[in-house]
Amino acid sequence: MGRVLIVEDEPAIAELISLNLRHDGHEVQVAASSQAAQGAIDRALPDLVILDWMLPGESGIQLAQRWRRDARTRDLPIVMLTARSDERDVVQGLDAGADDYLAKPFSTNELLARIRSVLRRRAPQVLDTAIQVGLLRLDPATMRVSAGEVPVKLGPTEFRLLRFLMSHPERVHSRAQLLDRVWGDHVFIEERTVDVHVKRLRAALGEAQCADMVETVRGVGYRLAKPVPAGA
């Protein structure tokens, strides 16, 4: 599923949201202040932000407005979750750039539904259906990978890397492109980090005799090759 940043200064609420999001298959990071939230955004773009209005430092409204002005974060999906439920507050939140607005107290099921709805509209690739290339099958809903009947065990980063490569088979991607698309525009990771995770991915795929599908294109980057049918 997606990577979600929760910007919430009440620990109990942040923990409640985190538990439900993780149970729903999301990766979660929590920021308890506007400064921490901006730092997290600067390090790596999440797939979606759950944003409180009242925060230490800048307000959630100010953060949303800033992110909408910045080309890098202009399309960042934002769900505001706040105790401010007056109609004028809702309008102000949406005008600031929020994609959706939910008032506290809230239903966790409704929050998860709102998140899925926003991701479908703003980042449909996050909720893609299962992908298959040759014998390799990757299911984002269950976070499972298999090669025929053989399960393939991957860490979260290797899963995202394989998912991206399988979504674009036969296309060559540079290390910089992979950092941007897989790590979420991470500005502090060196390109050689990609090589480490490709090595781990190949090791995991080797258990299912599929390691050679991840090819190195010398001087350029990597690609996922479709298997050539026997007799072709």
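Here each label is just a point 7 Å from Cα along the line to Cβ, and for Asp86 and Arg68 those points are 1.9 nm apart.
Take every Cα pair under 8 Å whose residues are at least 6 apart in sequence, average their separation, divide by the length of region 131-224, and the relative contact order is 29 percent. The distance between label points at Arg43 and Thr157 comes to 1.3 nm (points 7 Å beyond Cα on the Cα→Cβ vector). Here is the list for region 1-98: trypsin sites (Lys or Arg not before Pro) lying in DSSP coil, each with at most 15 other C-beta atoms within 10 angstrom of its C-beta, are Arg72, Arg74. Extension gain, Arg144-Glu190: 0.36 nm per intervening residue step, less the Cα-Cα distance, totals 13.8 nm. Counting only Cα atoms, the size of the chain along its three principal axes is 68, 35, 27 Å, in decreasing order. Note on region 132-177: Kirkwood hydrodynamic radius from all Cα pairs is 11.2 Å, rounded to one decimal. Annotation for region 12-73: GluC sites (Glu not before Pro) lying in DSSP loop with at most 16 further Cβ atoms inside 10 Å of their Cβ are Glu58.
Set the Förster radius R0 to 25 Å, insert the Cβ-Cβ distance between Asp75 and Gln35 as r into 1/(1 + (r/R0)^6), and round the FRET efficiency to 0.05. Calculated value: 0.65. Projecting label points 7 angstrom from Cα along Cα→Cβ for Arg116 and Asn20 puts them 1.3 nm apart.
Straight-line reach from Lys226: taking Cα to Cα under 15 Å and skipping same-chain neighbours fewer than 8 places apart, the aspartates and glutamates in range are Glu170, Asp212, Glu215. Normalised by 2.2 N^0.38 Å, where N is the number of residues, the C-alpha radius of gyration of region 3-126 stands at 0.94.
Since every read-out is calculated from the coordinates, none of them should be taken as a lab result. Here the structure is a predicted model, which is why all the values come from computation and not from measurement. With ideal geometry, Cβ positions are generated from the backbone for all residues, glycine too; neighbour counts draw on all protein chains shown.
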